[in-house]
Amino acid sequence: PPLDRGQNFSSKEYSFAAYGQFNYGFDVGIPIDGLFGVRFVNTWGESTSTNYRLLTDPVTNITQEVTETGTGRGNYTDLLPTATAILHFTPKFQLRLSYSTNVFRPSFYDMRPFFWVNTLDANPVVYAGNPNLKAQREYSYDVSAEYYFGRGGAITLAGYYKHASNYFYY
C-alpha cells in the first residue's frame, strides 16, 4: 500500500461546456477592436475513497487497522466571462487590455473525506483531505503597451493583476 493510504479512490466525472464570443471594432478617433466572450461549464460526478486508520482497543491494548469507505458527489456550474480591447493609437503603437475569469477545482485527492495518522511512528504525519473545498476563482486583469519597429522588432511594457479567492493552502 502507498505511504499515504488515503490515496485510494475511484471517481467518475462528466463535463459539459459551451462558449460564445462577439467580436467588435469601431473608431472613436482611434480604432478599437476586441471581443467579449463567455464560457459556460457544468461539471458533475462522484468519488469514493477509502480511509485506513489505526484503532487501539483500550482494554486489550491491541492496535488494528480499521477500513472505512466514504462517497461524495458534486455538481458545479461556472459562467466564465472574458473581454479584450486593443486601442490602435498608431499603426506601430497599441494598448491591449483584457479581463478573464478562471476556475481551478481541487483534486479528488484534496477532497477525500478522511485522514490518516500513523500513531506508531515516532514523528507522526497527518495526511488529510477536505470534501468541503470550494473551487479557486481567479479574476485576471492584463494590460500591455506595444511599440513595433523595423521588420520584426517590438518593445513591450506589460502588467497584470490577478485576484484569487478560495486559494488552496498546503
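The values are calculated or read from the model by the stated rules, or taken from the named source; none is laboratory data. Keep in mind the model is a prediction, meaning the values are calculated, not measured. Heads up, the Cβs are rebuilt from the backbone with ideal geometry, glycines too, and the neighbour counts pull from every protein chain shown. Heavy atoms of the whole protein, side chains included, go into the accessibility calculation; ligands, DNA and RNA do not. Shrake-Rupley method; radii C 1.70, N 1.55, O 1.52, S 1.80 Å.
Here are some notes:
- The residue that is least open to solvent (accessible area, probe 1.4 Å), counting only those in the stretch 47-62 that are of a type in the set (Ser, Thr, Tyr) and at pLDDT below 85, is 49.
- Filtering the stretch 13-46 to residues that are surrounded by 10 or more Cβ atoms within 10 Å (Cβ to Cβ), over 20 Å from residue 104 (Cβ atoms) and of a type in the set (Gly, Ala, Ser) leaves 25, 34.
- Within the stretch 154-170, residues that are under 15 Å from residue 132 (Cα atoms) reach partners that are open to solvent by 100 Å² or more (accessible area, probe 1.4 Å) with beta carbons closer than 7 Å, at six or more positions or on different chains, in the pairs 166/134.
- When 55, 35 are screened for being aliphatic (A, V, I, L, M), without any contact (Cβ under 8 Å) to a residue 40 or more places away in the chain and assigned to a strand (DSSP E or B), only 55 passes.
- Strands (runs of 3 or more DSSP E) within the stretch 63-170 that include 2 or more residues modelled with pLDDT under 90, on the phi < 0 side of the Ramachandran plot and open to solvent by 80 Å² or more (accessible area, probe 1.4 Å): 63-88
- Qualifying residue in the stretch 10-29 (condition: at pLDDT below 85 and closer than 29 Å to residue 103 by Cβ): yes
- Residue check, residue 25 under 30 Å from residue 93 (Cα atoms), of a type in the set (Gly, Ala, Ser) and part of a loop (DSSP other than H, G, I, E, B): no
- In the set (1) over 30 Å from residue 21 (Cβ atoms); (2) touching a His at 6+ places or on another chain (Cβ under 7 Å), residue 131 fails one condition alone, (2).
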